[in-house]
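Let me begin by presenting the structure, written as structure tokens, before commenting on it.
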Amino acid sequence: MSPNLLSLISLEGKTALVTGGSRGIGKIICLTLAKAGAFVAINYRAEEKAAENVLKVIKEQGGDGELERFDVADPSGVERGVAAIVSRRGSIDILVNNAGIAHDGLIGRMKDEDWNEVLATNLTGSFHVSRAVSKIMIRKRTGRIINITSTAGEIGNAGQVNYSAAKAGLIGFTRALARELAPRNILVNAVSPGIIEGGMGDRLTDEQLDAIRTHIPLRKSGTPEDVAAAVLFLCSGMSDYVTGQTIRVNGGLYM
């Protein structure tokens, strides 16, 4: 993350909720928003120690936040978690729908539960959290929602029909919600990472990554910090006239 970018952007006084914030891209998004001055609610489902470590680093860097455990696929759990944050903080100004899972496999061998679990977390989970948080933003007539999608949702990946379908759905969800909430001054955008170190790309072998990089014009993988920079821009006043968009952070893999 460029120090110059952070010096231009202040999220002081804002409360941000980041789902799936205990690891990978979500972790770096939490750290980045906290560095910009936001109070960050770090959502996680199972990895409590990892989430605690993210909060520890935030506080060591002079930021502040809290942990909020719930499964985005559980609508009642989402409602309770969001209500708990609002009861302590008064509002949620920024939502980053980052939580995601993958159960890869060829379609002939894919089990129903592998399809259903990926859609429930990656797509329906974003619906659950956005529904709960948008009610708060509508009352305030302001807010930012950023959905983390994927290049897989734009070009498709063999062996990932479930993941690709969920991420493609999230792009459509972003556009529709942006139109719905724009009259209330709530901006909704998506960030679409390509091959990112520490992200889903870590499940690929070195040979697979090398083969993919030959199709990336920049000939390299991205970093979680690259994704977090796009999220930070969309959270800031620098993007006041940007809504319904998908910002691609993929080195040119898909244009």
Working only within the range 163-186, note down all residues that are more than 15 Å from the chain's Cα centre (by Cα), closer than 30 Å to Gly237 by Cα and among the hydrophobic types (A, V, I, L, M, F, W, C).
Ala176, Leu177, Ala178, Leu181, Ala182, Ile186
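Only one residue in Val129, Val118 is β-branched (Val, Ile, Thr), touching a residue at least 60 places away in the same chain (Cβ under 8 Å) and either assigned to a helix (DSSP H, G or I) or touching a strand residue (DSSP E or B) at 6+ places or on another chain (Cβ under 7 Å) (or both). Which one? Give the derivation first.
Working: Val118 fails: touching a residue at least 60 places away in the same chain (Cβ under 8 Å).
On inspection, the qualifying residue turns out to be Val129.
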Is at least one residue of the range 195-213 on the phi > 0 side of the Ramachandran plot and either part of a helix (DSSP H, G or I) or out of contact with any Pro (no Cβ under 9 Å at 6 or more places or on another chain) (or both)?
no
If you check Leu67 against the conditions, is it under 26 Å from Ile196 (Cα atoms), in contact with a strand residue (DSSP E or B) (Cβ under 7 Å, 6 or more places away or on another chain) and surrounded by fewer than 17 Cβ atoms within 10 Å (Cβ to Cβ)?
yes
So which residues in the range 14-35 are under 17 Å from Ile145 (Cα atoms), of a type in the set (Gly, Ala, Ser) and either in a loop (DSSP other than H, G, I, E, B) or out of contact with any helix residue (DSSP H, G or I) (no Cβ under 9 Å at 6 or more places or on another chain) (or both), if there are any at all?
Gly20, Gly21
Set Val72, Val96: member being buried (at least 23 other Cβ atoms within 10 Å of the Cβ), in a loop (DSSP other than H, G, I, E, B) and either out of contact with any Asp or Glu (no Cβ under 8 Å at 6 or more places or on another chain) or not β-branched (Val, Ile, Thr) (or both):
Val72
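Where a number appears in this text, it was derived from the coordinates with a stated rule and is not lab data. The shown structure was predicted, so the numbers you read here are calculated from the model rather than taken from an experiment. Quick reminder, even Gly has a Cβ in these numbers, built from the backbone with ideal geometry, and neighbours come from all protein chains shown.
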